[in-house]
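Read through the structure below, which is laid out as structure tokens, and then see the notes.
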Amino acid sequence: KEKHKILHRLLQNST
Amino acid sequence: SHLLGAEPEKIYAMPDPALPDSDIKALTTLCDLADRELVVNIGWAKHIPGFSSLSLPDQMSLLQSAWMEILILRVVFRSLGCEDQLVFAEDYVMNEEQAKLAGLQDLYTAILQLVRKYTSIKLHREEFVTLKAIALANADSMHIEDWVAVQRLQDSLHAALQELVSVLHPEDGQRAGRLIMTLPLLRQTAAKAVQHFCNIKQDGRVPMHKLFLELLEAHA
């Protein structure tokens, strides 16, 4: 999961 | 209608006018475009009814498996009705010759096969957005934690497709099945594309942004 931090961050951001 | 409303705005490729035309320039333009498309596609996924109720790890697993299928299906839909050209963006269209120069001839041929398939089916925009959501829900990641929840998402999208098709094409009872049967070719083409861009990444001559790299690495 550490390797996928941008995807993780984008999914957590509310759009 | 929910999926139609969630469909991202179009993105422009904006190839760097300062760079001389070359395979490197073409691939740089495509990788940059893909990176920006990925950001909007992740935002789009969150608007698919039911997707955000999945656990965060499961959302990540689906996107890590299906991201290239989503990118390609969008290119395919934009390219419908454009004679043998791939419309990566409104300002970035590739014919066979240009694809060959960029070293993308195999990919060009594969994506064009999808374009021809959907052209003969006469794919509607409504079917396209639903099929794209199905491709994501049907990603077959090996790392899904809650299969029941993912299956519920698949079932609701499948039901939406069947309902939609029965309204658009009440005379054609085979249509939903025919649309679903295009998905193996989409997956096969996406796998080819990922492999190709992994090779380009190894090569190291084309700059790639972090999200694109991150997702390529998810397949490595």
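Odds and ends about this structure:
- Residues located in segment B:125-148, provided they are in a helix (DSSP H, G or I) and surrounded by fewer than 16 Cβ atoms within 10 Å (Cβ to Cβ): B:Arg125, B:Trp147, B:Val148
- Residue list for segment B:159-174, restricted to those being among the small types (Gly, Ala, Ser) and surrounded by 17 or more Cβ atoms within 10 Å (Cβ to Cβ): B:Ala160
- Test: B:Leu153 is closer than 16 Å to B:Gln59 by Cβ and either part of a helix (DSSP H, G or I) or at pLDDT below 95 (or both): yes
- Subset tally (residues that are β-branched (Val, Ile, Thr) and surrounded by fewer than 21 Cβ atoms within 10 Å (Cβ to Cβ)) for segment B:35-74: 2
- The sole residue among B:Lys122, B:Lys117 that is of a type in the set (D, E, K, R), out of contact with any helix residue (DSSP H, G or I) (no Cβ under 6 Å at 6 or more places or on another chain) and exposed (fewer than 15 other Cβ atoms within 10 Å of the Cβ) is B:Lys122.
- Matching option when the condition is within 14 Å of B:Leu123 (Cα to Cα), assigned to a helix (DSSP H, G or I) and of a type outside the set (Gly, Ala, Ser), among B:Leu186, B:Leu164, B:Leu216: B:Leu164
- Options B:Leu73, B:Leu19, B:Leu27, B:Leu33: the member that is in contact with a strand residue (DSSP E or B) (Cβ under 8 Å, 6 or more places away or on another chain) and more than 12 Å from chain A (Cβ to nearest Cβ): B:Leu33
- Per-region count, segment B:28-62, residues in contact (Cβ under 8 Å) with a residue 24 or more places away in the chain, farther than 16 Å from B:Tyr92 by Cα and basic (Lys, Arg): 0
- For chain A, the candidate set comprises residues that are more than 8 Å from every other protein chain (Cβ to nearest Cβ) and not in a loop (DSSP other than H, G, I, E, B); within that set, the residue that is modelled with the lowest pLDDT is A:Glu2.
- Listed by first and then second residue, the pairs linking a residue in segment B:3-27 that is in contact (Cβ under 8 Å) with a residue 24 or more places away in the chain and under 25 Å from B:Gly204 (Cα atoms) to a residue that is assigned to a loop (DSSP other than H, G, I, E, B) and basic (Lys, Arg), with Cβ atoms under 8 Å apart and 6 or more places separating them unless they lie on different chains, are B:Ile24/B:Arg205.
- Scan of segment B:75-104 for residues that are closer than 16 Å to B:Ile11 by Cβ and surrounded by fewer than 15 Cβ atoms within 10 Å (Cβ to Cβ), ordered by number: B:Glu90, B:Asp91
The values are calculated or read from the model by the stated rules, or taken from the named source; none is laboratory data. Bear in mind that the values here come from a model prediction, so they are computed numbers and not experimental data. Using ideal geometry, Cβ is built from the backbone for each residue, glycine included, and neighbour counts are taken over all protein chains shown.
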